[in-house]
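Shown next, in structure tokens, is the structure this report addresses.
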Amino acid sequence: MRRLMVASAGFLAVLAVPAFAADPAVDVPMTAPGFDWTGYYAGLQAGYGWGQSDVSVTEGAPFSIAPDIDGGFVGGHVAG
């Protein structure tokens with residue numbers, strides 16, 4: 001019985017040794033610092049949309065409109 005206990009303890013000790021391998025023995029080199037996004041910024045955006053539209057309005061309606069929505073330019077800027 002004593003031999004079985006000693007053999008079991010030895011077997012479990014051998015199995016526990018790989019748990020120490022989780023920590024690296026060699027220092028890992030430092031990585032380069034990330035880019036610092038602080039400071040001033042500016043930007044522009046532009047676009048154009050095109051299409052075809054046919055709007056018919058009944059004569060005598062309360063509103064008489066003839067919109068021109070065939071296309072157009074859109075743009076803007078950002079700064080900060």
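Of the residues examined, W50 is one that is of a type outside the set (G, A, S) and modelled with pLDDT of 80 or more. For D23, the requirement of being of a type outside the set (A, V, I, L, M, F, W, C), surrounded by fewer than 10 Cβ atoms within 10 Å (Cβ to Cβ) and at pLDDT below 65 is met.
The values are calculated or read from the model by the stated rules, or taken from the named source; none is laboratory data. Note that this is a predicted model, so its numbers are computed, not measured. Glycine gets a Cβ as well: all are built from the backbone with ideal geometry, and neighbour counts include every protein chain shown.
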